[in-house]
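Student: Below you'll find the structure I mean.
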């Protein structure tokens, strides 16, 4: 349980823990700030705590949830962090410089929040993971093809943010956070929600909920819980990828459980604040979902939903022979949606040479190999 995980505790949970360690209650908030405001996980470096207390914290398990194994930087400034947990789980987080928020059209719903002040420092979006692998099985996604190994604890989710901040340049600031890395956040709802509450806690990082977006392949119960628990203040991005059940069933297996019509009804019911929009993610796959008829259907099913559309030409992955459509086809698809009255952007490809682009964020070869090993083990047991 996260409450038992030191980095995943709230101040009130720390009060109980520090009392058990023989410390006064005010130490709880002090410790929480070290972990979640300063992003410091090593008790030895918490200089205003007594040496004896720091030793107790080490004994109680306060330690970095991940070590940074590699940092890969692409020519466009995108940085991919490869993180390894104590059990060997390896996940990725990606720092994406926002050279032009409108043109890039990343999922950050906060792009609509003109009243929020943003400093003159260069803005970056951070994409973080919630699971090691993914159970959704989307055919164009390396994580989905690899399968789910385990979910991340809330401490592991939030630590990605604090570790990534260490790799920001002096002229950069973390502007937006998207739960859009490895895994399906709403399939792992409790830890995802706990991570959001930790990241927005006023005694910690204090990030505005309006600058956080959770992406989902369309798990309706999770969408409903997210809207209910956070009052719609958390941005929502939905991987639609097809406008009808026959096409969506082929590329997103979860559609058989939560079909398009039910998903659209859930999006209409999501409690959006004024001037906010749901981000519709649509990966264009050549010959599968990229026809002009698909574009017309998409325009039709989104009627009445405050939304903006991100078109994402598919990034090739080793686990699939599917490919992106040509540039002319992408342009025609976009123009049809724009003519229908939608704000529609083509997602700029970022970090391709470090495999940090959408659908590639998966440690693909390692995860696919482990999936095959699991399948072989199951086959051997059944024979």
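Student: From the list 35, 21, 57, pick out the single residue that is in contact with a helix residue (DSSP H, G or I) (Cβ under 7 Å, 6 or more places away or on another chain), closer than 18 Å to residue 161 by Cβ and surrounded by 13 or more Cβ atoms within 10 Å (Cβ to Cβ). Talk me through it step by step, then tell me what you get.
Tutor: Values: 21 fails: closer than 18 Å to residue 161 by Cβ; 57 fails: closer than 18 Å to residue 161 by Cβ.
Residue meeting the stated conditions: 35.
Student: Only one of (1) under 19 Å from the mean Cα position of the chain (by Cα); (2) buried (at least 20 other Cβ atoms within 10 Å of the Cβ); (3) without any contact (Cβ under 8 Å) to a residue 40 or more places away in the chain fails for residue 28. Which number is that?
Tutor: (1)
Student: Yes or no: residue 91 at pLDDT below 95, buried (at least 18 other Cβ atoms within 10 Å of the Cβ) and not assigned by TED's automatic domain parsing to the domain that holds residue 24? Please lay out each step first, then the result.
Tutor: Numbers: at pLDDT below 95: yes; buried (at least 18 other Cβ atoms within 10 Å of the Cβ): yes; not assigned by TED's automatic domain parsing to the domain that holds residue 24: yes.
Yes.
Student: Moving on to the next point. Find the residue count for segment 329-341, including only residues that are in contact with a strand residue (DSSP E or B) (Cβ under 6 Å, 6 or more places away or on another chain) and surrounded by fewer than 18 Cβ atoms within 10 Å (Cβ to Cβ). Even if it seems obvious, please write down each step before you answer.
Tutor: First pass over segment 329-341, keeping only residues in contact with a strand residue (DSSP E or B) (Cβ under 6 Å, 6 or more places away or on another chain): 330, 334, 337-338.
Of the ones still in play, those that are also surrounded by fewer than 18 Cβ atoms within 10 Å (Cβ to Cβ) are 338.
So the answer is 1.
Student: Have a look at 228, 197 and point out the one that is closer than 26 Å to residue 123 by Cα and assigned by TED's automatic domain parsing to the domain that holds residue 279.
Tutor: 197
Student: Kindly indicate whether residue 248 is out of contact with any strand residue (DSSP E or B) (no Cβ under 9 Å at 6 or more places or on another chain), buried (at least 18 other Cβ atoms within 10 Å of the Cβ) and without any contact (Cβ under 8 Å) to a residue 60 or more places away in the chain. Write out each step before concluding.
Tutor: Numbers: out of contact with any strand residue (DSSP E or B) (no Cβ under 9 Å at 6 or more places or on another chain): yes; buried (at least 18 other Cβ atoms within 10 Å of the Cβ): yes; without any contact (Cβ under 8 Å) to a residue 60 or more places away in the chain: yes.
Yes; evaluated as a whole, the condition is true for this residue.
Student: Determine whether residue 321 is under 20 Å from residue 242 (Cβ atoms) and either modelled with pLDDT under 95 or in contact with a strand residue (DSSP E or B) (Cβ under 6 Å, 6 or more places away or on another chain) (or both).
Tutor: On the way: under 20 Å from residue 242 (Cβ atoms): yes; either modelled with pLDDT under 95 or in contact with a strand residue (DSSP E or B) (Cβ under 6 Å, 6 or more places away or on another chain) (or both): yes.
Yes; evaluated as a whole, the condition is true for this residue.
Student: Any chance segment 170-191 includes a residue that's assigned by TED's automatic domain parsing to the domain that holds residue 276, closer than 24 Å to residue 28 by Cβ and at pLDDT 95 or above? So that I can check it myself, show each step before the final result.
Tutor: Of segment 170-191, the ones assigned by TED's automatic domain parsing to the domain that holds residue 276 are 170-191.
Among the residues that remain, those that are also closer than 24 Å to residue 28 by Cβ are: 190-191.
Now restrict to residues that are at pLDDT 95 or above: 190-191.
Scanning segment 170-191 turns up at least one residue that is assigned by TED's automatic domain parsing to the domain that holds residue 276, closer than 24 Å to residue 28 by Cβ and at pLDDT 95 or above.
Student: So if I check each of 74, 50, 60, which one is farther than 22 Å from residue 154 by Cα, out of contact with any strand residue (DSSP E or B) (no Cβ under 7 Å at 6 or more places or on another chain) and touching a residue at least 40 places away in the same chain (Cβ under 8 Å)?
Tutor: Values: 50 fails: touching a residue at least 40 places away in the same chain (Cβ under 8 Å); 60 fails: farther than 22 Å from residue 154 by Cα.
One residue alone meets the criteria, 74.
The values are calculated or read from the model by the stated rules, or taken from the named source; none is laboratory data. Quick caveat, the model's predicted, so the values are computed rather than measured. Here the Cβ is made from the backbone with ideal geometry for all residues, glycine too, and neighbour counts use every protein chain on show.
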